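J.: This is the structure I have questions about; it appears just below.
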Amino acid sequence: MELITGATGYIGGRLLRRLIAEGREVRALARDPALLSGESIEVVTADVTTGDGLHEALDGCEAAYYLIHSMDRTAGRNGAFANLDRRAADNFARAAQEAGVGRIVYLGGLVPQAQTISPHLRSRLEVEEILLDAIPDSVALRASIVIGAQSPSFRLLVRLIERLWVLPLPGWREHRTQPVDERDAVEYLARAPLTDAAAGCSLDIAGPDVLTYAQMIEQIAEAMGVGRTPLSLRVSMTPSAAPVVARVTGLDLELVRPLMESLEYDLMARDGHSAADVLGHRPRRFSRAVDHALAEWETIQPLAAR
């Protein structure tokens, strides 16, 4: 039995369908089981922030996916989200130990090789350490920007391209990362509990293409078939720009702010820590990921810019 937390979220929902399609025995954890009423699986009610229901949810599970982050409006500001994430991870780790869970699979984010990182990236790293310390055979997967129709990072970029004829590109435009197709991210997650070589590892999920954020925006605009005028700025502007970006894109500010903070660094896969090598799956190119994401997006709602 495998438990999926965050099963009502973006990646959790896609992973849930992937495991069901493979015929794996899955249990989904949700604070509101009604959100999963259409799924033909076992659904349990639990709350990681209080610990209520966790022991029952984890009972009989060999593996558990931890796909929870406080990057939303309920997390608050001034570091409250970090305390919330820490408490939730501690509760989950203790309950997993007591239930005899053999492996936790955690999805975090790529960590910049810098002395100072954003509060959200620091919090994700702390959660990773808590879970791996508790269950030594666990696996942490650190993802780059995920390219998918429902990915918050991808949606932010697409909405900016769609709604602004002139695109201000602050100082972070030259920072680099390795965006990953959502299908590859889900495949890595699906393989992580079944791969002995992954035990105790922290692995980087990254695509094969190294791109600056400016190049990413340019290629997405090209795939959308639109022309946009870039306006290069010397400064970062993230604190002041985040509320404006939230209004333009229609995304929640408490989601936009940490996404924009992550642009302040190069987010690159570490040498020798590739999920592709350990889990035996080769990720798709950026162009394929973008084309797939845009095609799926348009099955749900039209893109005004196209």
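J.: Based on the alpha-carbon set only, what is the convex hull volume of the range 264-306 divided per residue, in Å³?
T.: Working: hull volume 5.7 nm³, N = 43.
Once divided by residue count, the hull of the range 264-306 is 132 Å³.
J.: Could you pull the Rg and Dmax for the range 1-65, using just the Cα atoms, both in Å?
T.: When restricted to Cα atoms, the range 1-65 yields Rg and Dmax of 10.8, 32 Å.
J.: Next up: Probe radius 1.4 Å, ligands and nucleic acids ignored: give me the carbon and sulfur share of the accessible area of the chain as a rounded percent.
T.: Working: 6710 of 13500 Å².
For the chain, the apolar C and S fraction of the accessible surface comes to 50 percent.
J.: Also, quick follow-up: Could you work out the helix-only [θ] at 222 nm for the chain, with each DSSP H run of four or more residues adding -39,500 (n - 2.57) and the total divided by the number of residues, to the nearest 500 deg cm²/dmol?
T.: On the way: 11 runs with 128 residues, N = 306.
Helix contribution divided over all residues of the chain: -13000 deg cm²/dmol.
J.: A follow-up question, please. Taking 22 Å as R0, compute the FRET efficiency from the Cβ-Cβ separation of R122 and R176 and round it to 0.05. Walk me through the intermediate numbers first.
T.: Numbers: r = 20 Å, r/R0 = 0.93.
It comes out at approximately 0.60.
J.: Okay, next question. Relative contact order of the chain: what whole-number percent is it, with Cα pairs under 8 angstrom and at least 6 residues apart?
T.: Working: 573 pairs, mean separation 56.9, N = 306.
Dividing the mean separation by the residue count of the chain yields 19 percent.
J.: Moving on to the next point. What share of the DSSP beta bridges in the chain is antiparallel, in percent to the nearest 5?
T.: Values: 2 of 33 bridges.
Antiparallel bridges make up about 5 percent of those DSSP assigns within the chain.
J.: Cα centroids of the range 1-25 and the range 265-299: how far apart, whole angstrom?
T.: 20 Å
J.: Pick from R122, R247, R27 the residue whose mean-square fluctuation is largest in a GNM of the chain, springs joining Cα atoms under 10 Å.
T.: Its mean-square fluctuation being the largest, the pick is R247.
J.: How large is Rg/Rh for the range 107-171, to two decimals, with Cα atoms and a Kirkwood Rh?
T.: Result: Rg/Rh = 1.11.
J.: Now for a different question. With the other protein chains left in place, how much accessible area per residue, in square angstrom, belongs to the chain at a 1.4 angstrom probe?
T.: On the way: 13500 Å² over 306 residues.
Per-residue accessible area for the chain comes out at 44 Å².
J.: Which one of V226, A96, L110 has its Cα pushed farthest toward the positive end of the charge dipole of the chain, where Lys and Arg give +1 and Asp and Glu give -1 at the Cβ?
T.: Value: V226.
J.: Can I ask one more? What dipole magnitude, in Debye to the nearest 20, does the chain give about its Cα centre under +1 on Lys/Arg Cβ and -1 on Asp/Glu Cβ?
T.: On the way: 32 positive and 41 negative charges, 232 e Å.
With only Lys, Arg, Asp and Glu charged at Cβ, the dipole is about 1120 debye.
J.: Between L35 and T212, what's the calculated FRET efficiency when r is the beta-carbon distance and R0 is 35 Å? Round to 0.05. Show your work: numbers first, answer last.
T.: On the way: r = 38 Å, r/R0 = 1.08.
Working from the Cβ atoms, E equals 0.40.
J.: Please report, for the Cα atoms of the range 147-213, the Rg to one decimal and the Dmax as a whole number; what are they, in angstrom?
T.: Here Rg and the maximum Cα pair distance are 15.6, 50 Å.
J.: Okay, next question. Could you tell me which of A192, F286, H69 has its Cα farthest along the dipole of the chain towards the positive end, charges placed at Cβ (Lys, Arg +1; Asp, Glu -1), taken about the Cα centre?
T.: F286
J.: Report the label-to-label distance for R94 and R270 in nanometres (one decimal), using points 7 Å from each Cα along the Cα→Cβ vector.
T.: So the label points at R94 and R270 sit 2.9 nm apart.
J.: So how long is each side of the range 1-151 along the principal axes, counting just the alpha-carbon atoms, biggest first, in Å?
T.: 45, 37, 27 Å, listed from the longest principal axis down.
J.: Out of residues 5 or more away from D181 or on other chains, whose amide H comes under 5 Å of its own, with H placed 1.01 Å from N in the peptide plane?
T.: Result for D181 returns I147, R284.
J.: Using 0.36 nm times the number of residues separating R247 and T299, minus their current alpha carbon distance, what extension gain do you get?
T.: Answer, rounded to one decimal: 16.3 nm.
J.: While we're looking at this one, here's another question. How much space per residue, in cubic angstrom, does the convex hull of the C-alpha atoms of the chain take up?
T.: Numbers: hull volume 38.8 nm³, N = 306.
It comes to 127 Å³ per residue, whole-number rounded.
The values are calculated or read from the model by the stated rules, or taken from the named source; none is laboratory data. Please read these numbers as outputs of a predicted model, since none were measured by experiment. Cβ sites come from the backbone with ideal geometry, for glycine too, and all protein chains shown count toward neighbours. Please note that ligands, DNA and RNA were not included when accessible areas were found on the heavy atoms of the full protein model with its side chains. Shrake-Rupley method; radii C 1.70, N 1.55, O 1.52, S 1.80 Å.
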